[in-house]
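Novice: First, the structure itself, so that you have it in front of you.
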Amino acid sequence: MNTLEFCRVLPKIELHAHLNGSLSEKTLKSLGCLNKSVSEYQGLTSINNKIERTLHECFELFKIAHLATKNPDSVYLAAQSVIKDFADDNVRYLELRTTPRAEDGMTKEEYIESVVKAIKDSKKPLVKLILSVDRRHDILVSQNTVAVILSMRNKYPDIIKGIDLSGNPHLGCFDKELFNKAKENGLKTTIHCAEIINNDEVMEILNFGPNRIGHATFLNPNYSGSIENWESYCKKKIPAEFCLTSNVVCGTAKSYKEHHMQEWIKNGLPFSINTDDKGVFCTSLSEEYEHAQNNFNLSNTDLWTIAYNAIDHSFASIQEKALMKKELKEWKTQNQHQF
Ligand SMILES: [Zn+2]
């Protein structure tokens, strides 16, 4: 069995997947996006010959993917199809994240209802929802989003587990008050952190102390992070969510081999491997594990351990975590010849 085959059969945990960016080209077509948008999308996803894509291009692509989810029915179909893609890739636990959007004839609440319904209707994998605050929104819009998230969490406490800060890292800033409110109300927090060099904001995020951080690209001092922030991070040991292809394609990591994940491996710090936007970046979680193995000399046991440790980083309940750990251990015993 070669590396990719092993990565495909390995039961995996996905903690950082945006709904809209995860839509495959096939799903976008079946959702009947505008033809122009589909062709633009196709053009932009021809990334095999292109090593770098600018952040600007990526965000253009996300806008196109958003066109596919403009009403409750298409949001439902989109979520259903993304969940199925992950199940087909042997993902046993998925945390899907999305920003609740109000569109013509659709409220933020209806948007969330549609995603929750798709999650409830799916048989596998186990799926939890993280709702995002977009960096580009002003404080009033963001406060409204948090109020909606909290009321919907009260309605679906077993599904809506966390809140995230995401969007263009050049816009807006981390608002501690907003995330404190979410935290005090029992939501888990994950923050896109250090996607660009911004040591002041990174310090604020670390002082806040989220449950997880996304990307952590420019946090280590070898990657333009401040020594002070890195020392603080090493004490707090906040699990990082890494998305290798996303960083390489956007050019924030020079190559897979030069990805900052190596600093976490070297220092024994907690991390998970994730896809970010598998549709936009033409990847899958299995392929992300394969890149990690090929570029950081990881064994099959290392990959299994990364998946196993991600269970503890997840926002699942204690009982759900125990069941997943049992499942992964049993799988390892049954597949001992692979290790
Ligand atoms: Zn992300």
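The values are calculated or read from the model by the stated rules, or taken from the named source; none is laboratory data. All values derive from a computational prediction rather than experimental measurement. FYI the Cβ positions are ideal-geometry reconstructions off the backbone, even for glycines, and counts take in every protein chain you see.
Novice: Test ALA216 against the stated conditions and say whether it is of a type in the set (A, V, I, L, M) and within 21 Å of ASN309 (Cβ to Cβ). Spell out the reasoning first.
Specialist: Details: of a type in the set (A, V, I, L, M): yes; within 21 Å of ASN309 (Cβ to Cβ): yes.
Criteria met by ALA216.
Novice: Is it true that some residue in region 252-268 is within 13 Å of the ligand (Cβ to nearest atom) and under 13 Å from the mean Cα position of the chain (by Cα)? Write out each step before concluding.
Specialist: Filtering region 252-268 down to residues within 13 Å of the ligand (Cβ to nearest atom) leaves 252.
Subset that is under 13 Å from the mean Cα position of the chain (by Cα): none.
Among the residues of region 252-268, not one is within 13 Å of the ligand (Cβ to nearest atom) and under 13 Å from the mean Cα position of the chain (by Cα), which makes the answer no.
Novice: Something else about it: When only residues in region 61-99 that are in a loop (DSSP other than H, G, I, E, B) and crowded, with 24+ Cβ neighbours inside 10 Å count, which is modelled with the highest pLDDT?
Specialist: Restricting attention to region 61-99, the residues satisfying the condition of being in a loop (DSSP other than H, G, I, E, B) are 67-71, 89-90, 99.
Filter again for crowded, with 24+ Cβ neighbours inside 10 Å, leaving 68-69.
On the way: ALA68: 80, THR69: 87.
Restricting to residues being in a loop (DSSP other than H, G, I, E, B) and crowded, with 24+ Cβ neighbours inside 10 Å, the top hit is THR69.
Novice: Scan region 242-291 for residues that are modelled with pLDDT of 95 or more and of a type in the set (Lys, Arg) and report the count.
Specialist: Number of matching residues: 2.
Novice: Given the options THR217, THR245, name the one that is in a loop (DSSP other than H, G, I, E, B) and under 28 Å from GLU25 (Cα atoms). Lay out the reasoning, then the answer.
Specialist: Values: THR245 fails: in a loop (DSSP other than H, G, I, E, B).
From the options THR217, THR245, the qualifying one is THR217.
Novice: Could you figure out which of (1) more than 20 Å from TRP264 (Cβ to Cβ); (2) in contact (Cβ under 8 Å) with a residue 24 or more places away in the chain isn't true of GLU177?
Specialist: Every condition holds for GLU177 apart from (2).
Novice: Which ones in region 272-302 are closer than 18 Å to GLN262 by Cα, within 15 Å of the chain's Cα centre (by Cα) and either in a loop (DSSP other than H, G, I, E, B) or among the hydrophobic types (A, V, I, L, M, F, W, C) (or both)?
Specialist: ILE273, ASN274, THR275
Novice: Search region 100-129 for residues being acidic (Asp, Glu) and modelled with pLDDT under 95, and hand back the single one that is nearest to the ligand (Cβ to nearest atom).
Specialist: Pass one, region 100-129, residues acidic (Asp, Glu): 103-104, 109-110, 113, 121.
Going one step further and asking which of them are modelled with pLDDT under 95, we end up with 103-104.
Working: GLU103: 22, ASP104: 26 Å.
Looking at the filtered set, the residue picked out is GLU103.
Residues checked against (1) out of contact with any Phe, Trp or Tyr (no Cβ under 7 Å at 6 or more places or on another chain); (2) β-branched (Val, Ile, Thr); (3) crowded, with 24+ Cβ neighbours inside 10 Å; (4) in contact (Cβ under 8 Å) with a residue 24 or more places away in the chain:
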{"residue": "ALA240", "(1), (2), (3), (4)": "no, no, yes, yes"}
{"residue": "SER246", "(1), (2), (3), (4)": "no, no, yes, yes"}
{"residue": "ILE265", "(1), (2), (3), (4)": "no, yes, no, yes"}
{"residue": "GLY268", "(1), (2), (3), (4)": "yes, no, no, no"}
{"residue": "ASP276", "(1), (2), (3), (4)": "yes, no, yes, yes"}
{"residue": "GLY279", "(1), (2), (3), (4)": "yes, no, yes, yes"}
{"residue": "GLU287", "(1), (2), (3), (4)": "yes, no, no, yes"}
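Novice: Any residue that is under 23 Å from ALA194 (Cβ atoms), at pLDDT 95 or above, among the β-branched types (Val, Ile, Thr) and not in a loop (DSSP other than H, G, I, E, B) - is there at least one of those in region 161-175?
Specialist: Yes: region 161-175 contains one or more residues that are under 23 Å from ALA194 (Cβ atoms), at pLDDT 95 or above, among the β-branched types (Val, Ile, Thr) and not in a loop (DSSP other than H, G, I, E, B).
Novice: Collect the residues in region 179-195 that are more than 16 Å from HIS18 (Cβ to Cβ) and either of a type in the set (Ser, Thr, Tyr) or in contact with a strand residue (DSSP E or B) (Cβ under 7 Å, 6 or more places away or on another chain) (or both), keeping them in residue-number order. Steps first, answer last, please.
Specialist: The first filter runs over region 179-195 and keeps only residues more than 16 Å from HIS18 (Cβ to Cβ), leaving 179-189, 194.
Within region 179-195, PHE179, ALA182, LYS183, LEU187, LYS188, THR189, ALA194 qualify.
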